[in-house]
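Read-outs: derived from the displayed coordinates by stated rules, not from any lab. This one's a predicted model, so the numbers in the text were calculated from it and none came from an experiment. Neighbour counts run over all protein chains shown; Cβ positions are idealised from the backbone, glycine included.
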Amino acid sequence: MRIRPTYFLLACLCAFPVSSFSQKGGEEDLFQKASGYFFKEKFDMAESLLEQVIEQNPGNALAYSYLGDIFLIKKRYDGALDLYQKSIDLNPESGENYFRIGQIYYYKHDGRRAVDNFKKAIEVDNQLRFAYYHVGLTYLMLLRDKNNTIENWEAYIRIAPDDPQYVKIKRAIELLKDPNFVIPPPDSDITIEEALLLGGLTIDKAIHKTTDQEAGHESKKTKRKLEDIYLDSDL
């Protein structure tokens with residue numbers, strides 16, 4: 001069942017324990033209320049309370065991180081980057097903050113910085129297995145680097161054989177390994193998703209197939225984005 005990107009972010013957050021940070025007294029109560037609103041997707045109320053938590057205790061790393069998540073959900077990317085960096089300054093061992101910074105740079109189409117931060121997330125916390133998937137995705141979608149995509153996706157399915165998308169990722173790897181498969185350049189009329197979904201056809205064959213579709217010789221197909229591969233999971 002497909003879920004929205006917001007739920008994917010919330011699912012990631014559920015994996016990271018709140019108990020690793022210390023809040024006391026009224027600040028703790030305020031933070032708990034804020035996190036409660038967050039997980040109910042009442043982000044405006046959560047944002048207001050988190051700002052109060054930070055005002056009371058500028059050393060609360062998790063409050064910066066949660067507020068960064070809200071900014072990320074609202075696509076306030078620059079503000080989210082600043083908040084995640086403040087959280088990292090207070091708690092350098094928080095790999096999930098690097099992961100989210102990687103997501104932001106991915107959305108901003110800065111592939112190099114996205115990869116650097118996804119890799120940093122793995123370095124800091126080797127439990128963040130799905131960061132390997134996102135490294136591969138960035139190499140494919142933004143950097144058009146087939147070999148590094150294959151390397152990171154193979155690393156991912158090797159350490160996460162229980163992933164519900166295992167078969168789909170493995171199939172994508174097989175298609176990419178075809179020496180005749182060429183990743184479409186950024187200015188191509190054929191997207192990477194279309195090239196892969198056409199069943200591993202070479203670009204020359206894909207061009208003919210696309211031309212046939214435009215001529216009305218084939219029924220319209222539903223397109224899936226590679227970015228959505230995790231949105232079907234129950235993470």
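When HIS134, HIS109 are arranged by Cβ crowding within 10 Å, least crowded first, meaning fewest neighbours, the order is HIS109, HIS134. Compared with the alpha-carbon gap, the fully stretched path from HIS109 to TYR166 is longer by 17.9 nm at 0.36 nm per residue. 3J(HN,Hα) along the stretch 56-70, derived from phi through the Karplus expression 6.51 cos²θ - 1.76 cosθ + 1.60 where θ = phi - 60°, amounts to 6, 9, x, x, 7, 4, 5, 5, 4, 5, 5, 5, x, 4, 5 Hz, with x in place of Gly and Pro. Legend: distances between Cα atoms for LYS40/LYS74; LYS119/LYS170; LYS74/LYS108; LYS120/LYS168; pairs beyond 19 Å are LYS119/LYS170; LYS120/LYS168. Quick check: Cα centre of the stretch 38-86 to Cα centre of the stretch 141-165, how many Å? The stretch 38-86 and the stretch 141-165 have Cα centres separated by 31 Å.
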